[in-house]
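Structure first, commentary second.
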Amino acid sequence: MATLDPITQNFVTSVAKEKPLYEQSYVDARQQLETLQKHEASLDIKEFKIEVPFDGRRVPAVIFRPHLAKHDMPVIFYTHGGGWILGSPSVHGSLMEDLTRRTGAAVVFPQFTPAPEKQYPTQFEESYAVLKYIVDQGARFQLIAERIALAGDSAGGHMAIALIQLATLRRLPVKPCHLMLFYPVTDTSNKSSTYEEFHDGPYLSEKVLDWMLEAFLPNPQDRCNALTSPLSFASDKELSIFPPTTVFVAGADPLIKEGEAFGNRLQNVGVETAILKADGLIHDYMMLEAVRQSPTAKAVLELATSQLKRALGN
């Protein structure tokens with residue numbers, strides 16, 4: 001069993017008393033995470049809400065940017081984690097604020113319809129619609145769409161990978177300059193050895209991951225393609241055109257091996273890729289209010305934002 005840092009261990013001990021997510025309704029599980037995060041928006045960051053036309057309806061998104069900034073800004077397009085079920089601008093708010101505050105870029109946060117209300121490929125398509133809208137219309141919001149990086153955590157990392165693939169297939173006129181992945185899902189068709197090692201967590205367990213996957217991809221056949229399982233099914237040619245990528249994994253997490261393996265695949269096809277492990281930390285360490293102030297989590301944030309800032313030319 002991996003050793004956790006004291007801040008993380010205290011959180012794990014506390015949250016272990018809560019009812020497991022997979023024993024709750026989806027509504028109750030979402031509320032539990034909202035309550036756990038208890039985010040209050042910072043006064044120095046402005047949240048601007050937009051709605052993007054898609055398939056006869058509108059997909060909401062939030063643009064985070066420094067409150068007093070008047071100039072055009074490059075873009076971090078961020079797809080959030082939460083197992084395709086959970087997550088919101090509030091749940092991820094502190095992280096989004098830190099990203100824009102530290103990089104000088106605006107953060108675009110699409111609010112895709114969660115599973116199981118909608119399932120694959122809706123979340124991919126809604127997020128891509130927002131991405132294309134920002135590329136086409138970004139100037140209206142003082143965004144420099146020609147300077148855009150993609151980022152995401154957990155299932156949001158999974159979606160960020162898919163957006164790179166879709167952007168290539170659909171000839172998006174802007175090529176992202178960087179891909180930032182925090183403990184991503186990269187394979188929904190197989191379970192790596194760290195699923196067994198961290199079967200019961202801490203924090204994120206195999207049962208929770210199974211519950212999430214069943215909500216998003218209930219049809220096993222849908223798990224066997226390059227979008228849903230890029231580690232196993234994306235070709236070397238597809239991966240070779242990825243932008244420079246950074247993959248951060250946790251020290252105690254069922255998703256460690258698939259994150260590392262995806263980074264290795266990118267390296268092997270010539271993509272400039274860094275793979276780093278945050279020892280002592282658990283899944284979700286970048287956004288969890290009770291964990292993200294640990295020394296290692298703060299160091300990861302500093303490194304990640306410095307890389308994004310450099311990639312965006314800020």
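A quick yes/no check of all residues on (1) in a loop (DSSP other than H, G, I, E, B); (2) more than 15 Å from Thr245 (Cβ to Cβ):
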| position | (1), (2) |
| --- | --- |
| Gly138 | no, yes |
| Ile148 | no, no |
| Leu163 | no, no |
| Thr168 | no, no |
| Val174 | yes, yes |
| Met180 | no, no |
| Asp187 | yes, yes |
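So if I check each of Gln165, Gln123, which one is surrounded by fewer than 24 Cβ atoms within 10 Å (Cβ to Cβ), under 22 Å from Val271 (Cα atoms), of a type outside the set (A, V, I, L, M, F, W, C) and touching a helix residue (DSSP H, G or I) at 6+ places or on another chain (Cβ under 9 Å)?
Selected residue: Gln165, the only one of Gln165, Gln123 that is surrounded by fewer than 24 Cβ atoms within 10 Å (Cβ to Cβ), under 22 Å from Val271 (Cα atoms), of a type outside the set (A, V, I, L, M, F, W, C) and touching a helix residue (DSSP H, G or I) at 6+ places or on another chain (Cβ under 9 Å).
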Given (1) within 28 Å of Leu312 (Cβ to Cβ); (2) of a type outside the set (Ser, Thr, Tyr); (3) without any contact (Cβ under 8 Å) to a residue 12 or more places away in the chain; (4) not in a helix (DSSP H, G or I), number of the condition Asn225 does not satisfy: (1)
Close pairs (9 angstrom Cβ cut-off, 6 or more residues apart or separate chains): among the charged types (D, E, K, R) in region 244-270, crowded, with 22+ Cβ neighbours inside 10 Å and assigned to a helix (DSSP H, G or I) anywhere: Asp253/Gly259; Glu258/Leu231; Arg265/Pro230; Arg265/Leu231; Arg265/Leu239
Region 31-68 - residue that is touching an Asp or Glu at 6+ places or on another chain (Cβ under 8 Å) and of a type in the set (Lys, Arg) and, of those, farthest from Phe109 (Cα to Cα): Lys38
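Yes/no matrix, rows are residues, columns are (1) closer than 16 Å to Phe48 by Cα; (2) under 19 Å from the mean Cα position of the chain (by Cα); (3) without any contact (Cβ under 8 Å) to a residue 12 or more places away in the chain:
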site	(1), (2), (3)
Arg102	no, yes, no
Gln111	yes, yes, no
Ala115	no, yes, no
Glu126	no, yes, no
Val130	yes, yes, no
Gln137	yes, no, yes
Among the residues listed as Ala115, Ala129, the single one being in a loop (DSSP other than H, G, I, E, B), small (Gly, Ala, Ser) and either surrounded by fewer than 20 Cβ atoms within 10 Å (Cβ to Cβ) or out of contact with any Ser or Thr (no Cβ under 8 Å at 6 or more places or on another chain) (or both): Ala115
Within region 192-217, tally of residues that are assigned to a loop (DSSP other than H, G, I, E, B) and either among the aliphatic types (A, V, I, L, M) or surrounded by fewer than 18 Cβ atoms within 10 Å (Cβ to Cβ) (or both): 4
Subset tally (residues that are more than 19 Å from Ile148 (Cα to Cα) and modelled with pLDDT under 95) for region 58-80: 2
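In the set Leu239, Leu231, which member is without any contact (Cβ under 8 Å) to a residue 60 or more places away in the chain, in contact with a Phe, Trp or Tyr (Cβ under 7 Å, 6 or more places away or on another chain) and assigned to a helix (DSSP H, G or I)?
Leu231
The values are calculated or read from the model by the stated rules, or taken from the named source; none is laboratory data. Computed from a predicted structure; not experimentally measured. So basically every Cβ, Gly included, is an ideal-geometry build from the backbone, and we count neighbours across all protein chains shown.
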